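Visitor: Mind looking over this structure? Questions follow.
The values are calculated or read from the model by the stated rules, or taken from the named source; none is laboratory data. Small disclaimer: the values here were computed from a predicted structure and weren't measured. Here Cβ is always computed from backbone atoms with ideal geometry, including for glycine, and neighbour counts include all displayed protein chains. Heads up: the accessible areas ignore ligands, DNA and RNA and are worked out on the full protein's heavy atoms, side chains in. Shrake-Rupley method; radii C 1.70, N 1.55, O 1.52, S 1.80 Å.
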Amino acid sequence: MAYELADLPYAYDALEPYISAKTLEFHHDKHHAAYVKNYNQMAQDAGMADKSIEEVIKASYNDSSKSGLFNNGAQAWNHTFFWNSLKPGGGGAPTGEVAEKINADFGSYDKFKEEFKKAATSQFGSGWAWLVLDNGTLKVINSPNAVNPIATGQTPLLTCDVWEHAYYLDYQNRRPDFVDAFLNNLVNWDLAAQQMAAA
Ligand code: FE2
């Protein structure tokens, strides 16, 4: 089924000063829109237009004849998940069950933060940093290019886009500063709680 480019769940300027309206305009209206458009065309060409995007991502992962379909499908999905991983006035430590699970699996929120920042800044070139549930345990991982936890059989709870297009206009080459803003001022812990409850 065709995958729709959803509007951002907040106004373009709602994440300022941490992410500018200009970045969100380019990132959502140009980059994300292109992945969605390409994905829908490629899914149709591959005779997979009747499948959900998650099914297509799983079926095309590690199939070299379908790398374009995988890359565009996963990028279409990843960006929607990224927009929902952010919220105005977000960031800081979680509360409730997510906080308890973070303490249990990482030792402390500070340790989680350290691991997430390391994963996000050490991903060489383009990719993503994720908080995932892997067989019931929280883990921080990074992934190259379009690869995501749907492909690798984990449950995503949060993601940070570390492709340069995510931060270059606002931070130039300072990816660590962008990741700090993500963790301290933008993370939407409500998404992680919903994903954890549904897993
Ligand atoms: Fe992106």
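Visitor: Report the accessible area of Phe106, computed with a 1.4 Å probe over the heavy atoms of all protein chains in place, in Å² rounded to the nearest 10.
Guide: 20 Å²
Visitor: Quick one: Karplus J couplings for the range 11-19, per residue in order, coefficients 6.51, -1.76, 1.60, θ = phi - 60°, nearest Hz, x for Gly and Pro?
Guide: Per residue, the Karplus-derived 3J(HN,Hα) values read 5, 4, 9, 6, 9, 5, x, 7, 9 Hz.
Visitor: Given a 1.4 Å probe, how much area per residue of the chain is accessible, in Å²?
Guide: The answer is 47 Å² per residue.
Visitor: Could I ask something else about it? Using the Kirkwood radius built from alpha carbon pairs, what does the Stokes-Einstein equation give as D for the chain at 37 °C and 0.692 mPa s, in µm² per second? Kindly include the intermediate steps, with their values, before the conclusion.
Guide: Values: Rh = 17.1 Å.
Once the numbers are plugged in, D ends up at 192 µm²/s.
Visitor: Which residues in the range 32-71 place their backbone N less than 17 Å from a point set 7 Å from the Cα of Leu5 along the Cα-to-Cβ direction?
Guide: Under cut-off, by backbone N: 32-43.
Visitor: Let me ask something additional. For the chain, what relative contact order do you get, as a whole percent, if you take Cα pairs closer than 8 Å and at least 6 residues apart?
Guide: Relative contact order for the chain comes out at 25 percent.
Visitor: Carbon and sulfur atoms: what percent of the 1.4 Å accessible area of the range 27-146 do they account for?
Guide: 46 percent
Visitor: Right, next: What does DSSP give for the chain in terms of the percent of beta bridges that are antiparallel, rounded to the nearest 5?
Guide: 100 percent
Visitor: To continue, here is another question. Any idea of Asp180's accessible area? Nearest 10 Å², probe 1.4 Å.
Guide: The accessible area comes out at roughly 50 Å².
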